[in-house]
Amino acid sequence: MIVIRVNVGFVVPLGDVCTDLVSLMLLRLPPSYEPFVKLNASLGKLPAIAGNAVELLPEYNAVFARIAADIDTAQRFVHFEYFATSRDEETEAIFAALDRAASRGVKVRMLMDHLGSRKYPNFKEMQERLTAVGIEHHISLPLHFFGANYTRIDLRNHRKIVVIDGQIGYTGSQNLIKRNYFRKDAIYYDELVARIRGPVVAELEPAFATDWYSESGILLTRQNAPEVAIQPRAEGEVLCQILPSGSGFEDENNLKLFTAIVHAAQHKLVITNPYFIPDDALMTALTSAAQRGVDATLVNSEASDQFLVSHAERSYYEDLLKAGVKLYRYKDPILLHSKHITVDDDIAVIGSSNMDIRSFLLNLEVTLICYTPSVVADLRKVEAIDLSRCNAVHLEEWETRSTKEKFFENISRLTAALQ
C-alpha cells in the first residue's frame, strides 16, 4: 500500500514503490494547481499523480461497448461499482463480457446500491445469474427498516467506478442501466464518462475496496486477493487526482472542492450538473465569479425527473441571472445527467456528484480532477455540443413565469434538505 504526505509544492510517496512511480508522484506542481492538489490530498488522502491518459466518452451506449471491449482484455480482475445496475438489452454486452471474464479465471467483483438498483426488472434474476458464473457481488448499503440492523434510507452509494487490472478505469455520471431507466414517459438521458489509463487508476481502487470491505467484511490485500496488486505504469501526460467523498468523511469533500475552484476561476467557468441546489457558500462563489467578470455558465435541463428537485433548483435561476451567470437548459425530453466543471484552461472535473445537499452530505461519490489544458480542451468540445442542444434562459423571460411555478419553487427550496 502506498502512503502519502503532501509538502508545499510537492506530492511525495512514502514506502516501497517503484522508481518510475516515484518520478510520477515526486513533482513540482505549477502554482495554479498547488492549492487544489493540497486541498484534495488533505480531504481524500490521495495524491496527484502524472502519467495518465484521459478519454471523454459522451455517447451513452458507446460507453457500454467500450467497457465490454476492455473487460475482454482483463487478465487478473475486474471491479464494478454502480448506483443503478440493471441487466437489460442495452447493458447485456457488459454482463456477457463479465461472464466471459469469470469463465477464463478473471476475478470479478460487483457492488450495486440497494435502493438505486432493486426497483428495476429482474433484479433478483440478475443476482442469481452473477452467482451462477462465479461473480462475487454485494448490495451496497442494504435497506433494513427494523431491528438491530436498521439502516438509513437516505445514505446511498452513488459512485460509478470500473477498474480493470488496475490499468484501465472508468468514472463519471452514467449508471449501468438502459438509457431511459425503464421510464414510462419520454425522458431519456445523456451522460459523460471518463476512460482513464495510467497510475491514477490505482486511486479508484481504494474507493472500491473500502466499499467492498463495508459490505463483505473482506479487506482486499495482497495476501487474500493477490490479483489486486497493482503495478502502475505511465500511459500519458495528464496530471490527475481522485477525490472520494461521502458521509464517512469528516468534511464535505466535493463541496469544498467545487467551492474552491469556483472562487479561483479568473476567466471562464462552465458548470454542467443536472441537480443544482447549492449551499450558501457555493452560491456566493458562483455569483461572485460572474460579478467580478468571469464568463460563468451553468448548464442543466428542461426535462424534470424529480418534481421537487427540479423546482428547487429553478428557484436559484433568478439570482444567478441577475448576477450575470449565463444559464442554459438542455432541450426536453433529454435530461443531461452529466456532472462536470471546467475552470479557465487549467482544470477539468468529472464525476458522479450532483450539486445538492444529498451529494454533499450523504451520498458516497467519486470525482476525477485533471490538471491539464488538453483535457479542458476536450471537455470544452463536449460542452459546445451540449450548448448547441440547449435553450438559453433570459432574465426578462424567466421573471414572467406563473405565480404557481414560483410557489412550487419556493416550497421545494424550503424542503430541499429533505429531498
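We did not get these values from a lab; they are worked out from the coordinates using the rules stated. Since this is a predicted model, take the numbers as computed values, not measurements. Every residue, glycine as well, gets a Cβ built from its backbone with ideal geometry; the counts of neighbours run over all protein chains shown.
Antiparallel as a % of all DSSP beta bridges within the chain, to the nearest 5? Approximately 65 percent, going by the DSSP bridge assignments. Counting only DSSP H runs of at least 4 residues, each contributing -39500 (n - 2.57), and dividing by the residue count of the chain, the helix-based mean residue ellipticity at 222 nm comes to -10000 deg cm²/dmol.
Only helices at least 27 Å long along their axis, Cα-based, and averaging 1.6 or more on Kyte-Doolittle count here, so list those DSSP H runs from the chain.
Passing helices, by number: none.
When only Cα pairs below 8 angstrom with a gap of at least 6 residues are kept, the stretch 286-331 shows a relative contact order of 58 percent. Farthest toward the positive end of the dipole of the chain, out of N391, I271, I177, is the Cα of I177, where the dipole comes from beta carbon charges about the Cα centre.
Kindly flag which residue pairs out of K124/K339; K38/K326; K160/K406; K326/K404; K119/K178; K268/K339 have an alpha-carbon separation exceeding 23 Å in this structure. List each step's numbers first, then the result.
Working: K124/K339 30 Å; K38/K326 30 Å; K160/K406 35 Å; K326/K404 25 Å; K119/K178 14 Å; K268/K339 17 Å.
As for pairs spanning more than 23 Å Cα to Cα, those are K124/K339; K38/K326; K160/K406; K326/K404.
In the calculated pair-distance distribution of the chain, the portion above 31 angstrom amounts to 37 percent of the Cα-Cα pairs.
Please work out how much length the chain gains when fully extended from D280 to D319, using 0.36 nm per residue of separation minus the C-alpha to C-alpha distance, in nm with one decimal. Present the calculation step by step, with values, prior to reporting the outcome.
Details: separation 39, 0.36 × 39 = 14.04 nm, distance 1.21 nm.
Contour length minus Cα-Cα distance gives 12.8 nm.
Separation of the stretch 144-191 from the stretch 326-368 is 15 Å, based on Cα centroids. Note on K107: aspartates and glutamates with a C-alpha under 16 Å away, same-chain residues under 8 apart excluded, are D70, D72, E81, D99, E136, D165, E205, E227.
Return, ordered by residue number, the residues of the stretch 84-106 whose backbone nitrogen is under 17 Å from a label point located 7 Å along Cα→Cβ of N61. Residues 86-97 qualify, since their backbone N sits under 17 Å from the label point. Longest stretch of the chain clear of exposed loop sites (GluC sites (Glu not before Pro), DSSP loop, at most 14 other Cβ atoms within 10 Å, sites excluded): 251-398. Using only side-chain charges placed at the Cβ, +1 for Lys and Arg and -1 for Asp and Glu, the dipole size of the chain relative to its Cα centre rounds to 400 debye.
Please get the size of the charge dipole for the stretch 303-372, origin at its Cα centre, with Cβ charges of +1 on Lys and Arg and -1 on Asp and Glu, quoted in debye to the nearest 20.
On the way: 7 positive and 10 negative charges, 43 e Å.
I would put it at about 200 debye.
Would you please name the trypsin sites (Lys or Arg not before Pro) within the stretch 210-305 that are DSSP coil residues with at most 13 other C-beta atoms within 10 Å of their C-beta? Could you put the intermediate results ahead of the total?
Working: sites: R222, R233, K256, K268, R292; in loops: R222, R233, R292.
Listed in order of number, the matching sites are R222, R292.
Along the axis of the charge dipole computed for the chain (Cβ charges of +1 for Lys and Arg, -1 for Asp and Glu, origin at the Cα centre), the listed residues V228, L143, L24 are led at the positive end by L143.
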